[in-house]
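Let me begin by presenting the structure, written as structure tokens, before commenting on it.
The values are calculated or read from the model by the stated rules, or taken from the named source; none is laboratory data. It should be emphasised that the depicted structure is a prediction, and the values quoted were computed from it without experimental measurement. A quick note on method: Cβ atoms are made from the backbone with ideal geometry, for glycine too, and the neighbour counts reach across all protein chains shown. Ligands, DNA and RNA are stripped out before the accessible areas are found, and what is left, the full protein with its side chains, is counted by its heavy atoms. Shrake-Rupley method; radii C 1.70, N 1.55, O 1.52, S 1.80 Å.
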Amino acid sequence: MAANEDQEMELEALRSIYEGDLCFRELSPVSFQYRIGESGDPKAFLIEVSWPETYPQTAPVISMDAFFNNTISSAIKQSILDKLMVEVEANLGTAMTYTLFEYAKDNKEVFMENQPVNTVTSVSNSIAIGTSDVPASKKKDKKEQLSKTQKRKLADKTDNKGELPRGWNWVDVIKH
């Protein structure tokens, strides 16, 4: 099979495997991103894999230069890339994008064990602690104020108990 046929088959497989997965993103037909870990996790990182013309006979281009990875030290990034390149060498000649993403997911803790916890969160915690020194008398919770028009529209939508009428969100069946 030609390299383009292999790429088309792998592209179709990736689309079907990662359909609906919010961590996977197809940047182009030959470039993909995958987020390892949850978006709020300080040890999450993003891998970008791009296929050259002769992929899978040649190694894909793996990058961690995304803005999402700015909190990760360059030594950790290089360590992850080195471990992924070992996996690339083992799978050279076969479709390996899925294998690389799964390998990174399985070894996330090993990859990020030397990564310190995000310092930004500790700064925001100290800021939150500093603002709590304001006396409670100065902090008055404002009650949401509705205009007369807003109150009238709200009253028109609900019955005398303040509940929406039955079927207010039902979808109409197409009329023929």
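Odds and ends about this structure:
- Whenever a residue of segment 26-50 is of a type in the set (Lys, Arg), its partners that are in a strand (DSSP E or B), lying with C-beta atoms within less than 7 angstrom and at least six residues away or across chains, give the pairs 35/46.
- Residue match in segment 48-64 (condition: closer than 18 Å to residue 98 by Cβ and within 10 Å of the chain's Cα centre (by Cα)): no
One line per residue, one yes/no per condition, for (1) open to solvent by 20 Å² or more (accessible area, probe 1.4 Å); (2) closer than 21 Å to residue 16 by Cα; (3) of a type in the set (A, V, I, L, M):
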| position | (1), (2), (3) |
| --- | --- |
| 30 | yes, yes, yes |
| 35 | yes, yes, no |
| 44 | no, no, yes |
| 60 | no, yes, no |
| 75 | yes, no, yes |
| 81 | yes, no, yes |
| 97 | no, yes, no |
| 107 | yes, no, no |
| 110 | yes, no, yes |
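- Hey, residue 25 surrounded by fewer than 16 Cβ atoms within 10 Å (Cβ to Cβ) and not in a loop (DSSP other than H, G, I, E, B) or not: yes
- Taking first residues from segment 95-118 that are at pLDDT 85 or above and partners that are of a type in the set (S, T, N, Q), the Cβ contacts under 9 Å between residues at least 6 apart in sequence or on separate chains come to 99/91; 100/91.
Per-residue answers, yes or no, for (1) of a type in the set (A, V, I, L, M, F, W, C); (2) in a strand (DSSP E or B); (3) touching a Gly at 6+ places or on another chain (Cβ under 9 Å):
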residue: 42; (1), (2), (3): no, no, no
residue: 48; (1), (2), (3): no, yes, no
residue: 75; (1), (2), (3): yes, no, no
residue: 85; (1), (2), (3): yes, no, no
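- Every residue from segment 62-73 that is open to solvent by less than 30 Å² (accessible area, probe 1.4 Å), outside any loop (DSSP other than H, G, I, E, B) and modelled with pLDDT under 85: 69
- Which numbered condition residue 55 fails, given (1) in contact (Cβ under 8 Å) with a residue 24 or more places away in the chain; (2) surrounded by fewer than 17 Cβ atoms within 10 Å (Cβ to Cβ): (2)
- Cross-chain or 6+ apart pairs with Cβ under 9 Å, segment 1-13 first and at pLDDT 80 or above, then open to solvent by 50 Å² or more (accessible area, probe 1.4 Å) and assigned to a helix (DSSP H, G or I): 10/98; 13/98
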